[in-house]
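The block underneath contains the structure these notes are about, expressed in structure tokens.
The values are calculated or read from the model by the stated rules, or taken from the named source; none is laboratory data. This is a predicted model, so every value here is computed, not measured. Cβ: placed from backbone, ideal geometry, glycine included. Neighbour counts: every protein chain shown.
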Amino acid sequence: MNFQDVIFYIFSAILVASALGVITVRNPVYSALLLVLAFVTCAGLWLLLEAEFLAIALVLVYVGAVMVLFLFVVMMLDINLDRLREGFWKWFPFGALIALAMVIEISMVLMNKYFGLEEMPTPKPHEADYSNTRELGRLIYTEYAYAFELAAVLLLVAMVAAIALTLRHREDKKSPNPSEQVKVRKEDRIRIVTMPSEKKD
Amino acid sequence: MEYIQQQFINIFGAEWGGMFYSVATNMTFILAIVVPLLLGVAYLTFAERKIIAYMQIRVGPNRVTFFGIPWLRGWGQPIADAVKAIMKEIVIPTGANKFLFILAPVLTIMPALAAWAVIPFSPEVVLADINAGLLYILAMTSMGIYGIIIAGWASNSKYAFLGAMRSAAQVVSYELAMGFALVCVLMMSQSLNFGDIVNGQQGDSLLNWYLIPLFPMFLVYLISGVAETNRAPFDVAEGESEIVAGFHVDYSGMAFTVFFLAEYSNMILVATLTSIMFLGGWLPPIDVAPLTLIPGFVWLLLKIAFILFFFLWFRATFPRYRYDQIMRLGWKIFIPITLVWIVILGLIMQLPESTRDVFPLNIWF
């Protein structure tokens with residue numbers, strides 16, 4: 001056991017504990033924050049695997065943007081815990097099935113002796129000037145260009161759909177138009193009248 | 001240094017000694033960055049009060065001095081303020097969520113300090129010379145928002161909550177424009193490493209700096225940086241006139257001071273990043289003898305001070321933006337400008353070599 005192993009076990013322990021917390025804690029704000037903790041420790045584990053681009057992208061996208069909006073919504077909602085727990089037994093078989101599939105997948109990795117995975121060579125560590133980001137960029141924009149473009153279009157469609165679903169034009173809305181406000185000149189609003197001064201008598 | 005490393009190996013053994021040694025040296029380097037940074041924050045507040053005072057034809061702090069020396073009048077003010085903040089009681093409101101209330105300032109200062117790990121101060125002096133430095137900075141600055149949101153929610157006060165909501169929406173919006181401006185920088189330098197970004201601006205004079213080909217991006221980045229740090233004129237998150245003091249209205253003593261420290265160290269961070277990415281970092285303005293003899297660190301400090309002066313100048317000059325105008329500026333003006341500039345840069349980079357050799361494109365590409 002060396003230094004990297006110690007870090008790996010500490011991070012994994014935090015990850016497992018926080019992931020358990022996400023689904024067991026009663027307060028939804030706490031569980032959102034625990035999910036953030038899970039993402040950050042997961043990014044730490046990916047850094048140990050030399051996947052620095054993925055790790056930073058996870059923090060940047062999920063922690064920095066997605067979870068912020070999530071927290072934003074969770075904090076504003078007044079969540080009724082009893083209603084949240086209503087459909088538990090109805091959905092339990094479905095959830096159990098997914099959990100079973102995940103357990104099988106994990107055991108295939110852990111018990112590699114029985115599944116012939118030990119023939120897979122251990123990946124070689126890269127030299128110091130190897131840039132993960134550069135290699136990933138090269139692959140995405142050359143070999144997997146079409147798949148990448150397709151994913152991008154899919155995201156764009158989702159974005160347009162989200163805006164189209166929520167956009168409502170109201171006729172009776174009273175809101176100022178900033179560009180027109182900025183364009184206003186003195187002559188549009190006031191009229192300067194010159195008149196002779198009055199005599200005091 | 002090697003003697004100390006040998007001592008570590010003697011005590012902890014060959015496998016662990018080296019690891020503990022690198023942990024210990026990194027701790028020392030971190031302290032060597034954080035302590036001057038916090039001192040810089042203290043004196044930035046002093047500079048702010050003095051500069052704004054002179055702009056408003058006042059004198060500013062001019063009483064507290066060291067050992068009664070008359071020409072140092074006012075210079076003791078930040079130290080006195082720090083001592084006062086430490087002595088004050090931290091009041092925790094009854095309805096507040098105690099754990100998150102205490103956690104919020106910690107979550108604010110953590111990314112503000114962690115981001116400094118990848119900043120190069122001169123060609124050799126950098127704590128972590130990682131390949132994805134720019135991405136790391138983006139990730140760290142995007143985490144700073146958690147402290148503000150949690151502070152607003154945990155205070156259990158409507159003013160604090162409104163401030164947190166405003167701040168969250170504002171920071172998330174301006175992060176996009178900021179990120180796109182940085183995309184332009186990395187297109188120019190073709191690297192995410194800050195050392196490579198500065199070296200890409202090396203040349204005879206300041207004409208080689210990215211300031212000139214990326215001038216609109218410089219403006220977008222600087223203004224987004226002001227918005228990102230919730231500084232005037234974008235400080236609606238605090239908005240004294242409508243929501244008292246925004247997200248930190250219920251904080252007192254050192255807990256408030258930690259928010260304050262985070263805000264100011266974020267300001268210095270934005271100024272440092274601007275000078276590294278657009279003003280050539282540690283490079284002197286003209287590559288001639290008297291200027292090149294000055295160490296690079298001094299040039300970087302001068303550039304940081306120059307950008308910080310802008311921050312203070314903005315605060316003394318502009319009235320606060322209205323909230324919908326802030327959103328409009330971020331989404332409808334900055335993001336289109338950055339998107340257009342990315343396309344223009346891409347087109348220029350794809351020009352054939354012979355066309356690019358024609359003046360003036362050849363010094364940047």
*Could you check the range A:121-201 for helices (runs of 4 or more DSSP H) lying wholly inside it with 2 or more residues that are touching a strand residue (DSSP E or B) at 6+ places or on another chain (Cβ under 6 Å), exposed (fewer than 10 other Cβ atoms within 10 Å of the Cβ) and modelled with pLDDT under 85?*
none
_Going residue by residue through the range B:48-56, is there one that turns out to be under 27 Å from B:Gln5 (Cβ atoms), assigned to a helix (DSSP H, G or I) and in contact with a helix residue (DSSP H, G or I) (Cβ under 7 Å, 6 or more places away or on another chain)?_
no
*Can you spot a residue in the range B:146-169 that is within 11 Å of another protein chain (Cβ to nearest Cβ), of a type in the set (A, V, I, L, M) and over 20 Å from B:Glu263 (Cα atoms)?*
no
*Considering only residues of the range B:258-315 that are modelled with pLDDT of 90 or more and among the polar types (S, T, N, Q), which is nearest to B:Arg49 (Cα to Cα)?*
B:Ser265
*So which residues in the range A:85-110 are of a type in the set (Asp, Glu) and either modelled with pLDDT under 85 or touching a Cys at 6+ places or on another chain (Cβ under 6 Å) (or both)?*
A:Glu86
*Among B:Leu219, B:Leu192, which is the only one that is aliphatic (A, V, I, L, M) and surrounded by 20 or more Cβ atoms within 10 Å (Cβ to Cβ)?*
B:Leu192
*If only one of B:Leu135, B:Leu176 is crowded, with 20+ Cβ neighbours inside 10 Å, modelled with pLDDT of 85 or more and within 20 Å of the chain's Cα centre (by Cα), which one is it?*
B:Leu135
*Would you mind listing the helices (runs of 4 or more DSSP H) fully within the range A:1-84 where at least 3 residues are within 12 Å of chain B (Cβ to nearest Cβ) and surrounded by fewer than 19 Cβ atoms within 10 Å (Cβ to Cβ)?*
A:3-24, A:28-48, A:67-76
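Each row is one residue, and each column tells you yes or no for (1) under 22 Å from B:Gly144 (Cα atoms); (2) in contact with a Pro (Cβ under 9 Å, 6 or more places away or on another chain); (3) of a type in the set (D, E, K, R).
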residue: B:Glu2; (1), (2), (3): no, no, yes
residue: B:Gln7; (1), (2), (3): no, no, no
residue: B:Trp16; (1), (2), (3): no, no, no
residue: B:Ala24; (1), (2), (3): no, no, no
residue: B:Thr28; (1), (2), (3): no, no, no
residue: B:Ala85; (1), (2), (3): no, no, no
residue: B:Gly95; (1), (2), (3): no, no, no
residue: B:Leu107; (1), (2), (3): yes, no, no
*Among helices (runs of 4 or more DSSP H) lying entirely in the range B:186-262, which contain 2 or more residues that are within 14 Å of another protein chain (Cβ to nearest Cβ)?*
B:194-199
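Listed here are the residues, each with its yes/no results for (1) surrounded by fewer than 16 Cβ atoms within 10 Å (Cβ to Cβ); (2) of a type in the set (A, V, I, L, M, F, W, C); (3) touching a Ser or Thr at 6+ places or on another chain (Cβ under 7 Å); (4) touching a residue at least 24 places away in the same chain (Cβ under 8 Å).
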{"site": "B:Glu238", "(1), (2), (3), (4)": "no, no, no, yes"}
{"site": "B:Ala245", "(1), (2), (3), (4)": "no, yes, no, yes"}
{"site": "B:Tyr251", "(1), (2), (3), (4)": "no, no, no, yes"}
{"site": "B:Phe278", "(1), (2), (3), (4)": "no, yes, no, yes"}
{"site": "B:Ile286", "(1), (2), (3), (4)": "yes, yes, yes, yes"}
*How many residues does the range A:128-183 contain that are of a type in the set (Phe, Trp, Tyr) and within 14 Å of chain B (Cβ to nearest Cβ)?*
2
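Yes/no matrix, rows are residues, columns are (1) within 28 Å of B:Leu100 (Cβ to Cβ); (2) β-branched (Val, Ile, Thr):
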{"site": "B:Phe215", "(1), (2)": "no, no"}
{"site": "B:Leu219", "(1), (2)": "no, no"}
{"site": "B:Val236", "(1), (2)": "yes, yes"}
{"site": "B:Glu240", "(1), (2)": "yes, no"}
{"site": "B:Ile243", "(1), (2)": "yes, yes"}
{"site": "B:Gly246", "(1), (2)": "yes, no"}
{"site": "B:Asp250", "(1), (2)": "yes, no"}
{"site": "B:Gly253", "(1), (2)": "yes, no"}
{"site": "B:Val258", "(1), (2)": "yes, yes"}
*Which condition breaks for B:Leu291 when tested against (1) free of Cβ contacts under 8 Å to residues at least 60 places away in the same chain; (2) in contact with a Ser or Thr (Cβ under 9 Å, 6 or more places away or on another chain)?*
(2)
*Do we have any residue at all in the range B:116-127 that's in contact (Cβ under 8 Å) with a residue 12 or more places away in the chain, surrounded by 18 or more Cβ atoms within 10 Å (Cβ to Cβ) and more than 30 Å from A:Val61 (Cβ to Cβ)?*
no
*Can you name the residue in the range B:253-264 that is of a type in the set (Gly, Ala, Ser) and surrounded by fewer than 24 Cβ atoms within 10 Å (Cβ to Cβ) and is also nearest to B:Ala227 (Cα to Cα) among such residues?*
B:Ala255
